[in-house]
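Read-outs: derived from the displayed coordinates by stated rules, not from any lab. Note that the structure is a prediction, hence the values are computed from the model and not measured. No Cβ is skipped: glycine too gets one built from the backbone with ideal geometry, and neighbour counts run over all protein chains shown.
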Amino acid sequence: MRTWFRTKTIEDSIRDTEEPGRGLHKSLSALDLTVFGVGVVIGTGIFVLTGQVAKTMAGPSTALAFVVAGVVCGLAALCYAEFASTLPVAGSAYTFSYASLGEFPAWIIGWDLILELALGCAVVAVGWSGYVRSLLDNAGWHLPQSLSGTTDETGFGFDLLAFLLVLLLTGVLVAGMKLSARLTQAVVAIKVGVVLVVIIAGAFLIDGDNYKPFVPPSEGSTGAKAGLGAPLVQLMFGYEPTTFGVMGIFTAAAVVFFAFIGFDVVATAAEETRNPQRDMPRGIMGSLAICTMLYVAVSIVVTGMQKYTELTVEAPLADAFKSTGHPFWAGLISFGAAVGLITVCMILLMGQSRVFFAMSRDGLLPQLFSRVHPRFRTPYRSTVLLGVVVAVVAGFTSISELAELVNIGTLFAFVVVALGVIILRRTRPDLPRAFRTPLVPVLPAVSVLASLWLMLNLPAETWVRFGGWMVLGLLLYVLYGRSHSRMQGE
């Protein structure tokens, strides 16, 4: 059992990146990393989630909920920044865990990240397909229902657009990180441009009376779920999350937190960064700060344009513009969302392939997937394998219920990374650290508690599915990973 917690030293991890045919090409700058972070975080959430939460949970104080969620993410980001600058190796939380907690915890977090990023990419691809089909319908072009995906209303179908998007982005990732970065920069420029135009245009349509009261009176949560559909904290302690009021801000923060999911994917590109000691902290913290400001600004605009009680749930921001007699902006929002989801999908796929590559290089997965392309210097085998799997999942599966697995997977990674910072400070105090998380161990401990609280607010059925995936991971480690690990002979 002792071998399950054997650690891999920082020096060994860095030495592995120098092996011929197993090291990734260093081509990314701080700007590239920041753009990656903004590209993956700013998706449909900014156009939809802001209005939904304002209507059902927090009213105009949704802006404060985004600040709270941004602070929770910021605590985790400080821990990620220390690890990514100290250990600039592909794999993110998996690699960090291997150096601090041991092999089995690292396997579990890597297994968790593969699920999180695969489902996240598939969910986003299906969402993108829906936006594009809507735009095609407006232009008079209609895809057959059999090629429009599986839904509760129409039954089984194949989502051709989602399938093709994932395959196309797989090809871009194989062709090189610099090409991926250039595509991301172009798409993010369009996406952020649309968001800024919406903020500026909406600012001229704000009615100050819509902000009264800024923090609506507290009330019990409506439509509360029972059984496994209820939040785990409710089943454990009988606590029922409230809506509106001061506590409603924190309930809303637990929901809008998931609009930030993805900034941690920046850390998976550490090995491909030219100066990771300087640029990783800048990329992680910079992208998080930009996204928080954009989310806060949009929430202020949408609740100022239309009374929060009158917002719609399906497309609140677009409908707020329609309610003020400006349908053009509503169309622009749909276009921005469709374009923006391309980068979200690509960066999630990139992060997943890097985690898979790192686990393969350590022998915990078949080592044939740790070979890099002789010309492009990318992990092409793991990228193609995962790209095809995700494309098939996106094409054939209705995955609305599984989306919450992405959330619990991310929070679990936050907990592990924060614990890893505390442990590595004690076991390797001599290690050179270009960036140091402040107030250790207090700040990482607060990060752990904040992430655990948000995890407890997820439905119990999500925990059951997550537990099932972890059990499967345990079996794979026992049957394959432990005996094939490169640490086995050391």
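Exposure proxy check: T378, T343 ranked by fewest other beta carbons within 10 Å? Don't skip to the answer; put the middle values down first.
Working: T378 24, T343 27.
If I rank by nearby Cβ atoms, fewest first, I get T378, T343.
For the chain, how many pairs of lysine residues have a Cα-Cα distance under 23 Å, where the two are 8 or more positions apart or belong to different chains?
11
Run the paramagnetic zone check for H484: 7 angstrom along Cα to Cβ, then residues of region 357-401 with backbone nitrogen under 14 Å.
Label zone hits: 357-371, 382.
Hey, for a label at S323 modelled as a point 7 Å past Cα toward Cβ, could you say which residues of region 40-64 have their backbone N under 20 Å away?
Counting backbone N atoms under 20 Å from the label point, the list is 45-64.
Using amide H atoms built in the peptide plane, which far-off residues or other-chain residues are under 5 Å from G43 H to H?
For G43, no residues qualify.
Would you mind computing, in nm to one decimal, how far apart the modelled labels at V471 and E19 are, each placed 7 Å from Cα along Cα→Cβ?
Distance between label points: 3.4 nm.
May I ask you to compute the full-extension gain from Q367 to Q145, defined as 0.36 nm times their residue separation minus their alpha-carbon distance, rounded to one decimal in nm?
On the way: separation 222, 0.36 × 222 = 79.92 nm, distance 4.13 nm.
Full-extension gain reported as 75.8 nm.
With a ≥ b ≥ c the root eigenvalues of the C-alpha gyration tensor of region 22-112, is it rounded (a/c under 1.5), prolate (a/b larger than b/c) or oblate?
Numbers: a/c = 2.58, a/b = 1.82, b/c = 1.42.
Taking the square roots of the gyration eigenvalues as a ≥ b ≥ c, region 22-112 is prolate.
Per residue of region 124-140, in order, report the coupling 6.51 cos²θ - 1.76 cosθ + 1.60 (Karplus, θ = phi - 60°) as ³J(HN,Hα) in whole Hz, putting x for Gly and Pro.
Karplus values, whole Hz, x for Gly and Pro: 5, 4, 5, x, 4, 4, x, 4, 5, 4, 5, 5, 5, 4, 5, 8, x.
For helix 403-427, what angle does its Cα long axis make with the longest principal axis of the chain, in degrees from 0 to 90 and rounded to 10?
50
Might you report the magnitude of the Cβ-based charge dipole of region 102-200 about its Cα centre, with Lys and Arg at +1 and Asp and Glu at -1, to the nearest 20 debye?
Numbers: 4 positive and 7 negative charges, 112 e Å.
With Lys and Arg at +1 and Asp and Glu at -1, about 540 debye.
If the chain between T242 and V71 were fully stretched, how many nm would it gain, using 0.36 nm times the residue separation less the Cα-Cα distance? Can you show the working numbers first?
Working: separation 171, 0.36 × 171 = 61.56 nm, distance 2.09 nm.
Once the chain is fully extended between T242 and V71, it gains 59.5 nm.
Could you pull out every residue, at least 5 positions away or on a different chain, whose amide H is within less than 5 Å of the one on L28? Hs are placed 1.01 Å off N in the peptide plane, and Pro or chain starts have none.
Amide H to amide H, under 5 Å and 5 or more residues apart or across chains, L28 pairs with T273, R274.
If a paramagnetic tag sat 7 Å from the Cα of R426 along the Cα-Cβ line, which residues of region 83-106 would have the backbone N under 20 Å from that point?
It comes to 83, 96-106, nothing else.
Amide H to amide H, which residues 5 or more places from A175 or on other chains are under 5 Å from it, using H placed in the peptide plane?
Amide H neighbours of A175: none.
Tell me the mean residue ellipticity at 222 nm calculated for the chain from its helices only (DSSP H runs of n ≥ 4, each -39500 (n - 2.57), averaged over every residue, nearest 500). Each step should come with its number before you reach the end.
On the way: 17 runs with 304 residues, N = 490.
Dividing the helical sum by the residues of the chain leaves -21000 deg cm²/dmol.
Please state the charge dipole magnitude for region 242-355, taken about the Cα centre, from unit charges on C-beta atoms (+1 on K and R, -1 on D and E), reported in debye and rounded to the nearest 20. Display every interim value, and only then the final one.
Numbers: 6 positive and 7 negative charges, 40 e Å.
Value, rounded to 20: 200 debye.
With +1 assigned to the C-beta of every Lys and Arg and -1 to the C-beta of every Asp and Glu, and no other charges, what is the dipole magnitude of the chain about the Cα centre in debye, to the nearest 20?
On the way: 32 positive and 31 negative charges, 287 e Å.
The calculation lands at about 1380 debye.
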